[in-house]
Amino acid sequence: MAADRIAILGAGSVGCFIGGAWATAGLPVTFIGRPKIAADIAANGLTVSDYSGWQVRVDDVDYRTDASALGKVQIIALTVKSGATAEAAREIAAHGREGALVISFQNGISNVDVLEQELGGRFEPRCTRRTGPRRANSRRALVAGRQNCNCTTTCLASPGANC
């Protein structure tokens with residue numbers, strides 16, 4: 001069985017690391033981000049590394065600068081900065097396919113609310129779990145289709161889908 005195709009929407013430093021690690025594990029990844037990063041990767045390639053010294057070069061990077069590729073993937077990893085969440089959600093709504101899983105790897109306290117507002121009619125959270133007491137700096141995590149959530153990311157799915 002082939003692995004689900006993944007798109008990294010907002011493929012900057014964080015997105016390239018996450019997507020690069022997944023690509024080196026053999027998962028099919030499409031990166032979507034800014035033209036400057038696309039040009040840098042086209043000229044120099046993509047090398048992923050961490051603090052412990054692990055380093056690997058990612059071959060055959062599929063890096064795009066428009067969101068139309070979202071229609072061809074089953075999983076969308078959102079790694080844009082918080083201020084770009086609403087715009088990214090509109091791109092997902094416009095181009096994402098029915099049944100796609102959307103996972104947010106973002107910092108910030110309002111991203112869940114923005115995603116729910118922009119994607120709420122098409123993607124629905126199945127359970128909500130706060131990872132701390134409800135206060136201004138707490139994070140919330142939404143996971144579709146799971147009852148016992150122990151997560152630190154936001155996961156929205158179309159009705160009936162599982163995270």
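All of the numbers you see were taken from the coordinates with simple rules; none came from a lab. Fair warning: this is a prediction, and the values are worked out from it, not measured in the lab. Every residue, glycine among them, receives a Cβ derived from its backbone with ideal geometry; neighbour counts consider all protein chains shown.
General observations
- In loop segments of the stretch 1-90 as defined by DSSP, the chymotrypsin sites (Phe, Trp or Tyr not before Pro) with at most 10 further C-beta atoms inside 10 Å of their C-beta are Tyr51, Trp54.
- For the stretch 17-51 versus the stretch 80-122, the gap between their alpha-carbon centres in whole angstrom: 21 Å
- Subtracting the Cα-Cα distance of Thr47 and Ala94 from 0.36 nm times their residue separation leaves 13.8 nm of extension gain.
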